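The values are calculated or read from the model by the stated rules, or taken from the named source; none is laboratory data. Quick caveat, the model's predicted, so the values are computed rather than measured. Cβ placement follows ideal geometry from the backbone for every residue including glycine, while neighbour counts extend to all protein chains displayed. Side chains included, ligands, DNA and RNA excluded: accessible areas come from the protein's heavy atoms. Shrake-Rupley method; radii C 1.70, N 1.55, O 1.52, S 1.80 Å.
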Amino acid sequence: MSKIEFIALGGLDEKDNKCFILTIDEEIFVINAGILVPPNAQLGVKKITPDFNWLIERKAAVKGIFIGQPEYANFGSLEFLNEYFSNTPIYTTDIGKEIISSFFNSNSFEEEKRELKLNFKTVEGLKTEKVGSIDVIPFKTTTTIPNTVGFVFKNKEDSVIYIDDFIISSNKVLAFTNQIQQLPSLINTPNKILITSIGNVDKISGFTAPSHTISHDIENIIADAKGKIIFATTDSDFYKMFFIMKMVAQKGRPIYFYDKLAEQQMKTMFANKYFSFKAPFKFLKSEELATATNALIIVTAQISNLYPLLTDIINGDDNLIKIEKTDSFVVGSPTINGYEKYHAELFDDANEADIENIVDLGKKVSQIKAGNEDHKFLITTVKPNYIIPVGGLYMDFVNYKNVASLSTNRESVIFADNGQKIRFDNGNLQRSSKEDFIHLEPQFIGSHGVADSGASSMFEREQMKNNGALVVSLMIGKQTKTISKYNFDQVGIVNMDDATIAATNEINKEIVEDLNKLLAASPTGENIDLKEFKNIIKKISQKKYEKKFDKKPLVLSTIIFSKGN
């Protein structure tokens, strides 16, 4: 008899930050390693990740990490998980491997001076993988990313189906086909649990297709374009990138990718024959851009970076792209919750720049996410005993339940909170108790890596306005366990003059001396607990600065281990 447990470390009552734990008879399967980038980097918080402590404590039971839709919001936390799960297989498609590995090996990531070696296992649609004692069957879905897959986790009694974004479409392009209709033959078990992202539920009453297509709009844009076409969308929207490239190639226009990583990824997709198109593509180099008056310039970025980048281009502050009044400015991504203000300000700036052809495709074209009829089709196809909606706000889950109840028993739709354990025993849902909750604190990431988590961290960051911040960098010899080099940077604690410089230097020296004494007292051969040591650095530093300056600064520490002394 199977015992199944579902826990969300993130992704419930929030759009991103998705990380779901599926436990089947004591074996753990991790679905996504998500991340959340706040629209406003308030109080120094640039990213938010799930709390992985519960998972790390059970790392021996983890059989794999599964990323079927390889967008940054689903894999961004791999850089933090990798410290503990570097040998754990990451199951994704060949395109997923290319997108994830090229992202972490890009110049922008290398600037953070981290080396990330990931253990990929590529999967193919409908090809069964044996993971632990479970059969895992990927199946293709239609999204903005080629060759996206969902997963079926299956044993003799149970099938657990996980699917991120999807639409039901008869797309003939190999990269965007789907295999959802073949699910019934894969899930011929007594018990079936469906875990699905809510997508565009209650926003699109019918099927999303064909309102997601851009061919007609792009044809009109190209026909009207007198000069360059600046086309902008999110860095995961390869669907729109491909179709506009296809259209402009027919007209003989050259193509320039602002983001060379996106260009590399797109060329890989062409090399792997996910896209087939007879007309040749002419890709421009940066030095050719100034004289290419009819080029298609594709500008992509993560949504948090896209609007500032486009604003610089519109205002003439970009060093590479100089926009003219006769050019066409086209934004292909729809307005996303939290970014409405930036979207409106961007088009206001574009109109002030007096650009003749401004197009907001986001108002005309739907996101490639499931509408009401897509969800009903999926439910009717799978016929699940239970459904767990994910990747939305609570009100979205309520809307999903209303839609799902037209195709299944309303009581089969289960709402959960992050950290709540949803348990099934032999296919039957178990009543929740206080023991079925684990305490989670979201991890706040700033410029210097992980700071403290949860409400206490936000309180400290709020206090930073009055108390300042102290950035501590230490180099510790692995063999000697002594601090060989150190650096302290303070911001906003005190005004720096000769007297305060001398005082802070003396305090910093005392901090290092105290830390060295603690290191010397630690047992020989025992590894340093980084989390605990950083907490000690924080306590010692705050105590000494508070005693001298009556300030209790936010302390951010970085520790580097050297092989020598």
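For the stretch 108-200, run through the chymotrypsin sites (Phe, Trp or Tyr not before Pro) and keep only the ones in DSSP coil with at most 13 other Cβ atoms within 10 Å of their Cβ. It would help to have the intermediate numbers written out before the result.
Working: sites: Phe109, Phe120, Phe139, Phe151, Phe153, Tyr162, Phe166, Phe176; in loops: Phe166.
Sparse-neighbourhood loop chymotrypsin sites (Phe, Trp or Tyr not before Pro): none present.
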Dividing the Cα radius of gyration by the Kirkwood radius, what Rg/Rh value follows for the chain? 1.00
The chain - percent of accessible surface contributed by carbon and sulfur, probe 1.4 Å: 48 percent
Pairwise label distance in nanometres, Glu57 with Asn466, each label 7 Å out on the Cα-Cβ vector: 3.5 nm
Under the rule a/c < 1.5 gives rounded, and otherwise a/b versus b/c splits prolate from oblate, where does the stretch 345-405 land using the Cα gyration tensor? prolate
Counting only protein chains, not ligands or nucleic acids, how are Leu118, Leu126 ordered by accessible area (probe 1.4 Å), most first? Leu126, Leu118
For the stretch 259-269, in residue order, the Karplus 3J(HN,Hα) values (coefficients 6.51, -1.76, 1.60; θ = phi - 60°; whole Hz; Gly and Pro = x) are 9, 5, 5, 5, 5, 4, 5, 5, 5, 5, 5
Which ³J(HN,Hα) values in Hz, rounded to whole numbers, follow from the phi angles of the stretch 219-235 under the Karplus curve 6.51 cos²θ - 1.76 cosθ + 1.60, where θ = phi - 60° and Gly and Pro get x? 4, 5, 4, 5, 5, 8, 6, 9, x, 6, 10, 9, 10, 10, 7, 6, 6
Under a point-charge model restricted to the Cβ atoms of Lys and Arg (+1) and Asp and Glu (-1), what is the dipole moment magnitude of the chain relative to its Cα centre, in debye to the nearest 20? 1300 debye
Which loop-located GluC sites (Glu not before Pro) does the stretch 312-369 contain, where loop means any DSSP state but H, G, I, E or B and the Cβ has at most 15 other Cβ atoms within 10 Å? Glu324, Glu356
Assigning unit charges at the beta carbon (Lys, Arg +1; Asp, Glu -1) and nothing else, what dipole magnitude in debye, to the nearest 20, does the stretch 52-185 show about its Cα centre? 460 debye
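Between rounded, prolate and oblate, where does the stretch 243-394 land on the alpha carbon gyration tensor, with a ≥ b ≥ c its root eigenvalues, rounded for a/c under 1.5, else prolate if a/b exceeds b/c? Before the final figure, lay out each step's value.
Values: a/c = 2.40, a/b = 1.44, b/c = 1.67.
Oblate, because a/c is 1.5 or more while a/b does not exceed b/c.
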For Ala301, which sequence-distant residues (separation of 5 or more, or a different chain) have an amide H within less than 5 Å of its own amide H, given hydrogens modelled in the peptide plane? Thr233, Asp235
Starting from the amide H of Thr141, placed 1.01 Å from N in the peptide plane, find each other amide H under 5 Å away whose residue is 5 or more places distant or on another chain. Thr148, Val149, Gly150, Gln179
Rounded to the nearest 5, the percent of DSSP beta bridges in the chain running antiparallel is 50 percent
Tell me, what ³J(HN,Hα) does each residue in the stretch 71-87 have, in order and in whole Hz, if you take phi through Karplus 6.51 cos²θ - 1.76 cosθ + 1.60 with θ = phi - 60° and put x for Gly and Pro? 10, 3, 4, 9, 10, x, 7, 4, 5, 8, 6, 4, 4, 9, 10, 5, 9
So how strong a dipole does the stretch 488-539 carry about its Cα centre when Lys and Arg Cβ are +1 and Asp and Glu Cβ are -1, to the nearest 20 debye? 240 debye
Amide H contacts of Ile355 (H built 1.01 Å from N, under 5 Å, at least 5 apart or other chain): none
Straight distance only, please: which lysines reach the Cα of Lys538 with their own Cα at less than 22 Å, same-chain residues fewer than 8 apart left out? Lys46, Lys47, Lys465, Lys478, Lys481, Lys485, Lys509, Lys517, Lys547, Lys548, Lys551, Lys552
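Quick check on the chain: helices-only [θ] at 222 nm, where DSSP H runs of length 4 and up contribute -39,500 (n - 2.57) each and the sum goes over total residues. Nearest 500, please. Please report the intermediate quantities before stating the final value.
Details: 16 runs with 176 residues, N = 565.
Mean residue ellipticity, 222 nm, calculated: -9500 deg cm²/dmol.
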Under 20 Å from the Cα of Lys130 - lysines, other chains or at least 8 residues apart: Lys3, Lys59, Lys63, Lys97, Lys121, Lys140, Lys154, Lys156, Lys192
